[in-house]
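The values are calculated or read from the model by the stated rules, or taken from the named source; none is laboratory data. The structure displayed is predicted, hence computed values, not measured ones. Because the Cβ atoms are built from the backbone with ideal geometry, glycine has one as well, and the counts that use them run over all protein chains shown. Ligands, DNA and RNA are stripped out before the accessible areas are found, and what is left, the full protein with its side chains, is counted by its heavy atoms. Shrake-Rupley method; radii C 1.70, N 1.55, O 1.52, S 1.80 Å.
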Amino acid sequence: MTTVEREHEFHMYCQGKSNHQIYAEECAQRGIKRNSEISQMLPAETDQYDLKELDCRGNYLGPEGVRSLFDVIQANRSLEHVGFQNQGITDGCLHGLLDIIRLHPRLTSVDLSDNVFITNLSAVPLLTVVKENTMLCNVTVDGSRLGHAVQRKIKRETTHNSSLEAEFFKGDYVKLKKLFVRLDTDLSGTITLPELLSNIDIPRIANALVERFSLMDGTEGKRDNEVTVDEFLYYVYPHYKTIRRIQQYAQEDDVQEQTATANHKALTLALAKKRVMVEGSVGRVSDRLLAEEEIDRVVETALQHETVSDDAGRQVNGRLVISRQSIKHGLRSVWTPPELSLDEKRRDFRLSATFVKMLVKLFTQHATSHSPSAGTTSAVDPTPTVPLETLLASNMSTPLFKLKLKLLLPILQRQGLPLDLRVSLQEAVCLLEEYFDVVYCDVTSKTPAPSPPKKAKGKRSL
């Protein structure tokens with residue numbers, strides 16, 4: 001019998017029953033007495049398999065008592081935590097439990113602590129299940145007879161599982177765009193949620209996507225599971241800004257650019273007084289004005305850092321040249337980029353309002369509008385799109401700063417993103433915010449040329 005056939009058979013077995021009844025039948029079949037507290041814990045409503053937690057602490061069950069709950073665990077596909085602390089579980093009992101856990105779609109936490117009959121005979125099966133079911137983020141085996149090395153491996157694997165969701169949703173625009181393009185096989189500009197989920201082989205991420213996109217259907221009206229690229233990014237990209245927020249920001253006073261300009265001028269003047277020049281950009285601090293004593297400390301710290309570098313002491317036209325890394329080291333002595341919450345990341349920009357205004361103008365001039373289908377509602381307004389190569393060929397600069405968008409060409413090509421793809425204004429903001437440190441530079445920054453060698457004194461040879 002295949003796995004699918006077994007699942008179907010079990011589903012038919014559970015129909016018309018309750019968790020309480022399934023437990024009672026299993027106890028009767030095994031010839032053991034029901035645990036009264038476990039019986040009270042399990043709901044008696046039929047076809048209601050929505051338990052979130054099954055914690056048996058304080059109720060000693062023994063191996064057969066634990067086995068009597070296997071069908072309850074399998075029936076409740078929403079179950080997230082199972083607690084079998086100090087239940088006398090043996091290796092044989094654990095192997096049966098692992099068969100259930102291996103395919104469970106929601107279980108994230110399993111407490112097997114203080115089960116002294118679990119030995120290293122269970123090490124390989126337990127590690128295999130933790131690797132296969134990436135939903136498992138907390139498997140506690142303290143107080144068992146599993147070796148310390150095995151316990152460390154289990155901890156390492158569950159920690160890795162925990163990081164998978166954060167890694168997917170951390171904000172990698174190119175990765176998410178490529179996924180969307182690969183699924184948009186008919187070039188309609190939309191994909192369906194089933195198409196998306198069928199291409200996600202990590203259950204933890206698939207479950208998170210279902211939860212996030214259920215918000216779209218619940219608050220914005222049913223869309224037959226269709227998702228545009230901007231809706232997709234809205235729910236999975238942490239720094240996504242809506243078109244309304246972008247247009248609003250573009251009209252605000254550009255305090256960020258004014259602050260960055262004032263700090264840049266003060267730092268450049270302080271470097272000039274020390275007869276120092278920077279190889280590249282002097283840096284950009286835009287969230288607050290630096291005090292005069294902070295500027296002096298930046299320069300002194302940068303000079304101290306430069307004295308230990310490999311290229312220390314290089315001069316051009318009588319001025320000491322320090323590296324960009326040294327000036328960054330100096331800035332870190334007085335300034336740390338602020339830590340932002342998710343809401344702040346959605347609201348705040350690394351791009352100044354002036355640069356965002358330039359982007360809005362670019363899309364207004366060159367874009368083609370892609371409107372949603374009639375009769376649908378969306379969490380994200382439709383927006384014009386332009387080819388990616390058009391965006392990267394544009395020139396954006398203020399009197400002191402510029403964005404060298406062409407620097408993204410080799411990066412995007414290396415990651416396999418076609419340059420003829422069309423991107424929305426929101427996507428452009430995502431891309432440039434993510435790669436701001438790559439494309440940003442000072443208008444005045446340049447690599448100083450080496451000083452020409454001095455001519456030796458003496459008679460000229462014939």
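For this structure, a couple of remarks:
- Residue satisfying all of: in segment 190-214; among the hydroxyl-bearing types (Ser, Thr, Tyr) and not in a helix (DSSP H, G or I); nearest to residue 108 (Cα to Cα) among these: 192
A quick yes/no check of all residues on (1) in contact with a Phe, Trp or Tyr (Cβ under 8 Å, 6 or more places away or on another chain); (2) of a type outside the set (A, V, I, L, M, F, W, C); (3) touching a residue at least 12 places away in the same chain (Cβ under 8 Å); (4) open to solvent by less than 40 Å² (accessible area, probe 1.4 Å):
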| position | (1), (2), (3), (4) |
| --- | --- |
| 228 | no, yes, yes, yes |
| 234 | yes, yes, yes, no |
| 237 | yes, yes, yes, yes |
| 244 | no, yes, yes, no |
| 252 | no, yes, yes, no |
| 285 | yes, no, yes, yes |
| 289 | no, no, yes, no |
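- Qualifying residue in segment 168-180 (condition: outside any helix (DSSP H, G or I), at pLDDT 85 or above, under 17 Å from the mean Cα position of the chain (by Cα) and among the hydroxyl-bearing types (Ser, Thr, Tyr)): no
- Among residues that are open to solvent by 20 Å² or more (accessible area, probe 1.4 Å) and in contact with a Ser or Thr (Cβ under 8 Å, 6 or more places away or on another chain), residue 317 is included.
- Subset of segment 169-189 that is among the aromatic types (Phe, Trp, Tyr) and in contact with a Leu (Cβ under 9 Å, 6 or more places away or on another chain) - its residue that is farthest from residue 388 (Cα to Cα): 180
- Exactly one residue out of 284, 223 is modelled with pLDDT under 90, more than 26 Å from residue 438 (Cβ to Cβ) and either in a loop (DSSP other than H, G, I, E, B) or charged (D, E, K, R) (or both), and it is 223.
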